[in-house]
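Values in this text are rule-based calculations from the coordinates and carry no lab data. Here the structure is a predicted model, which is why all the values come from computation and not from measurement. Cβ placement follows ideal geometry from the backbone for every residue including glycine, while neighbour counts extend to all protein chains displayed.
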Amino acid sequence: MKKFMLLTLALGIGLSQTTFAYDATGIRLEDVDYTRENLFEDDEVEIVVSVIGSSDKDTQINQVSIKGEAIDTSEMDWEVYQGGTNNRQDDTELGMSELVDIKISGLTYTGVGNELTVTVSTGAGSVSEDITLNAISNDTITGALVLDPKVESNMSMSINAGETKSMGLTIKNTSDIDLVNSVVKINFAETTVGLAIEEGNYIDISSIKYGRSHEVYFVVSATEDVPRGTYKINAEINGMNQIIWLEVKNSSNSPTLNISYDNTQFQSGASNPLTLNIQNSGKEVAHNVKLNLQSKEVLGLAGSSSMLNLGSIEGGDMVQLDLALLIEELEEDRLLVADFEVTYETEQGEVISEIQKLYIDAKGAEEETEILPSLSISYDTSQAFQAGQVNPLTLVIENTGDIIAENIKLNLKSGDNFGVFGSTSLITIGSLYVGEERLVNLELFISEMEENQLLNAEVQVTYEADGESINETQQIYIDAKAGEETADTAPSISLSYNASKAFFAGQTNTLSLIVKNIGDEAAKNVKLNLQSGENLGIAGSGSLINLGPMEIGEEKHLNLNLLIEDFEENKLLTADFLVTCEMNDGKVNSENQQIYLNAIGNEEADTNENAQVTFKNIFSPTGTILPGQEFEVSFSIISSGYAEDIEVSLGELKNIVPISQNKFMIDSLSPNTPKTFTIKMIATDEAATQNHPIELLVKYEYDDEIQTEAQYANVYVYNEEADDDDATSLPKVIIGGYSFSTETIHPGDEVTVHVDLLNTNSEQSVNNLTATYSSSLGQEFDSQQIITPVGSGNTLYTSYIAPESTVTQTFSFKVANDAGNQSYSLEIEFDYETEDAEKLTSKEAILFTVTEEGRIEVGEISTTTLTQGKSNDLTIPLYNRGKSDLENVMISLEGNGFTVSDNQLYINSFTEGGTEYYLPIVTPNTDKIQIALVAEFEDSAGNMQTTSYPLHFDVKSSQSPSRDQQFMFPEGMPAAMPGKPNNMQGGMGMPSDMAQPTDDSSLMSKVTSVLNNVLNVFKADPNLMYACASVVGLLGVFMINRKIKKRKNNKFIEDLDLGEEDSKQLTEGDVKDEND
């Protein structure tokens, strides 16, 4: 049972330059706080002493002591903290006007008396304070029994609505005889609705020896609709009673008022309309609601009092107020804070008073300025953010300037209590036109806090405008609500998966497992271990999977390659997972969980019920093909399940002839196992100069029906002779060549196309040509809109093309975001006239392939701090954020200044939306390292891609002991001038450069240096300091005496009227004596 006492002392320390004495002033006892009313024998006590340094001197804390019979100090320890007891200070320095906290621990209440003295010794002397503990001493106990509510957080005497909770009492026998065969009776002192004692109404106690304690427990339940308030519990033993106050919390019923407003911008120097929304989000009525705008320098309410009476607001209702907000004229834009004091009464008569802040974007006086870009960031200020959990945050980014802003990037910087959860904090926006806005959805994790706080989040904004790079920081203010006290928390890990998924014997199957912490406590070191089964196991890796920490409600998705042994009949398999996790108190929770897999045996594996066959990795020839020249087209097909009787063939071809096998019959195709085909072809002599589509077909049975899947390859043929045959006929326009602005086209890409329009006729020109382009699936027009023109319509105009000449047209289009991973036909229809105004038409097609982009993102790493020279286990989540599966994924770390074990992670198939975990062991060799995570993978088009992600870690260097630790000093005396040990000579610590003074002024300068050094060395001990002052005084008297003697000698020599040589000898002798 641990008790805490908070003791605050303020020390004002000053040093007199004349007497070297210190004057300690300003000592005050600020607060003493206990977690319970009375201390008993053997209770632990913790004291925090707050000390303020001198306003003009630095000093050092040497010793902290406690005297008094009430406290056992045999295990006492103390540490210095700065800015609260969460930030430990490595040294004991106390700077000028610096506030530090000294936490004293290891103290035990002896039960004898209640007086103690706390003493803090510094370099300026010692200060003390007498403290009277609020304790029950063994000498003063008069009653025969003490009932005391337990104070540990999981046994606090409070309960939430809808909760069943175990409570505890400590019974202390303070009499001089043993207590035997007693019964503790627990009941509510008054009739209650919604509360009940479920267990522990009568508790038998066999014996409590005198002077000893005994703990008993009982269980209280509260319904969801129990009124909040304070209730009495009566505890009785042997005819003695004590009332225990039970606080019932029911935040869902109590009224909660939130203020928001609809306006977006306000002009300074004017009266602005302000519509306030007052929402009661609770279930109970809020009575006597009042709003009071706290007086502000530059704003106020026009035409009404600052105190607004709203009466009562029913639960769930909202009241609107139309006000006029007057803002004084400002020279520049400012974010003003309007503090509204909100007061109201609950049904129980409790008066609630709170301050709510509204942030007013006030525009300064308008003046003519040059055209400038400006980006504003805003969010819903009425949104409630809860501490201790992940909160959704939607930012609105708007271009409020006068020109377009390009290459916009946002970086929401993490604070002490919050940070972006589940993704990187750097967001790329792209471009925003004037007045355009964009929504960015984030998840913000806010750490636990004891009270509500207004968090200031900095958003760093970088963008380009008018050729200039702009970097600025904007603030958003987040009203974080502290979480209510909870009890009996524990993590709980659940496993789930798609139970309707079929698994196949004799194959490697993908098991998409969802792991979630459904408990009410964060879990550490979460591990899954697939126990070895009779028919299944994990392929390509060990059975132990380390998931690292998991926050409350956090989900992690695993794709396991599950190998199922071969068998004929269908089976229901059981996969046993051992799930372990570590709780906050260090205990390890372990449990077995089973999931059941419907495995299809090979006897029925030949069914096509679950098989869908599609094309992938289609490769067409590049460049120009001549008639008679051989070329190849290759492609693969893949099935989602077992498939049989599959036919692969080519569609109808024109002037393209296959010269190798072009029809394939496949008896069966295993799930997720691609099969590749290559067909050789040539173009005939009749093939015209144009792009020729090649239709690929696959037929199979699905859902008792024959299905046909079609895709296209293409080849560009150039045939000069075929063009000459048409030279004397009417002119014909074909596509003589084309190119795309990018080699790989992804959904959502903006693509620029360069098309060469060739007039094949050698004599006639082409006039007034319009080319209209569109796209569809394959060669047939379809209602699906694949592309959207960019910058203009889909019609191109060319006034004239000379005979056998080419005109190049350029146009751009945007690919649909939902375009699938396949080939599409870009059709171009030509309408043109001959020299005789005869109208002609023709049609050409270009095939382009859309490849769904592979995109791997790195999640929140288990730690951002590494220890130099030690192995650091990392858990790095990886997410497939692309729109397709990735194959043959290899993950590794590269960089400088570290070594790594378990560096390579191979993922056979990384499914769309899936999660994998990379678990390297990194050992930094230096305190500065460069690490990048490198991902190599094969995208849906079969292309290998490599992406690098820089990782940022802080490295804790292995530090040698400080100089104060390496050298021993007299007790109570700090290390003086530790940075200059080599400048000291002899026992008195004289600077070495004082060995040979050259003149009186130099000597006095050295004496001053000595005094300063002696002051630094001995200021920790006043007695030693007084001795030092005496030595300095004697030395000064001695030097003055020598000075007078020298002057008298010089006067005496002058009066003797000696010769020059004799005077010189006498003078040199005096100088020698002085030096000696």
Farthest toward the dipole's positive end in the range 782-921, which of 913, 803, 786, given Cβ charges of +1 (Lys, Arg) and -1 (Asp, Glu) about the Cα centre? 913
Answer rounded, prolate or oblate for the range 726-851, using the Cα gyration tensor with square roots of eigenvalues a ≥ b ≥ c: rounded when a/c is under 1.5, else prolate when a/b is larger than b/c, else oblate. prolate
Quick check on the range 610-719: of the DSSP beta bridges with both residues there, what percent are antiparallel, nearest 5%? 95
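Contact order normalised by length for the range 856-956, with contacts defined as Cα pairs under 8 Å and 6 or more residues apart; what percent is it? Write out the running numbers ahead of the final one.
On the way: 258 pairs, mean separation 34.1, N = 101.
Answer for the range 856-956 is 34 percent.
Mind listing which GluC sites (Glu not before Pro) in the range 160-223 are in a DSSP loop and have 11 or fewer other Cβ atoms within 10 Å?
Details: sites: 163, 190, 198, 199, 215; in loops: 163, 190.
The qualifying sites are 190.
Report the local net charge at residue 749: Lys and Arg +1, Asp and Glu -1, summed over other residues whose C-beta lies under 12 Å from its C-beta.
Values: positive: 814; negative: 743, 750, 852, 853.
Around residue 749, the surrounding residues sum to -3.
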When the charge dipole of the range 610-719 is computed with +1 on Lys and Arg Cβ and -1 on Asp and Glu Cβ about the Cα centre, the Cα farthest towards its positive end, among 712, 656, 626, belongs to 626
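Using the per-residue mean of other Cβ atoms lying within 10 Å as a proxy for protection, in what order, highest first, do the peptides 676-682, 448-454, 71-77 fall?
Working: 676-682: 16.9, 448-454: 12.1, 71-77: 14.4.
Ranked from most to least packed, the peptides come out as 676-682, 71-77, 448-454.
Counting Lys +1, Arg +1, Asp -1, Glu -1, what net charge surrounds residue 852 among other residues with beta carbon under 14 Å of its beta carbon? Before the final figure, lay out each step's value.
Numbers: positive: 616, 855, 881, 883; negative: 749, 818, 853, 885, 887, 912, 938, 939.
Within the 14 Å Cβ shell, the charges total -4.
Local charge sum around residue 78 (other residues, Cβ-Cβ under 12 Å, Lys/Arg +1, Asp/Glu -1)? Walk me through the numbers on the way to the answer.
Values: positive: 88, 103; negative: 46, 75, 77, 79, 101.
After counting each charged neighbour, the total is -3.
Can you tell me the FRET efficiency between residue 441 and residue 309 if r is taken as the Cβ-Cβ distance and R0 is 30 Å, rounded to the nearest 0.05? Please list the in-between numbers first.
Values: r = 39 Å, r/R0 = 1.31.
With R0 = 30 Å, the Cβ-Cβ based efficiency is 0.15.
What do you get for GluC sites (Glu not before Pro) in the range 639-706 restricted to DSSP loop and a cutoff of at most 12 other Cβ within 10 Å of the site's Cβ?
Details: sites: 644, 647, 652, 686, 695, 701, 705; in loops: 652, 686.
Here the sparse-neighbourhood loop sites are 652, 686.
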What full-extension length gain, to one decimal in nm, is calculated for residue 580 and residue 475 as 0.36 nm per residue of separation minus the Cα-Cα distance? 33.6 nm
Ranked by how many other beta carbons lie within 10 Å on average, peptides 742-749, 104-111 from highest: 104-111, 742-749
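Filter 413/616; 516/571; 67/185; 57/928; 481/928; 209/249 down to the pairs with a C-alpha to C-alpha distance above 30 Å, please.
Values: 413/616 42 Å; 516/571 28 Å; 67/185 42 Å; 57/928 36 Å; 481/928 38 Å; 209/249 37 Å.
Where the Cα-Cα span goes over 30 Å, the pairs concerned are 413/616; 67/185; 57/928; 481/928; 209/249.
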Please work out the FRET efficiency for the pair residue 164 and residue 117, using the Cβ-Cβ distance as r and a Förster radius of 41 Å; give the result to the nearest 0.05. 0.30
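Could you tell me the calculated FRET efficiency between residue 805 and residue 654, based on Cβ-Cβ distance and R0 = 30 angstrom, to the nearest 0.05?
Values: r = 26 Å, r/R0 = 0.88.
Here the calculated transfer efficiency is 0.70.
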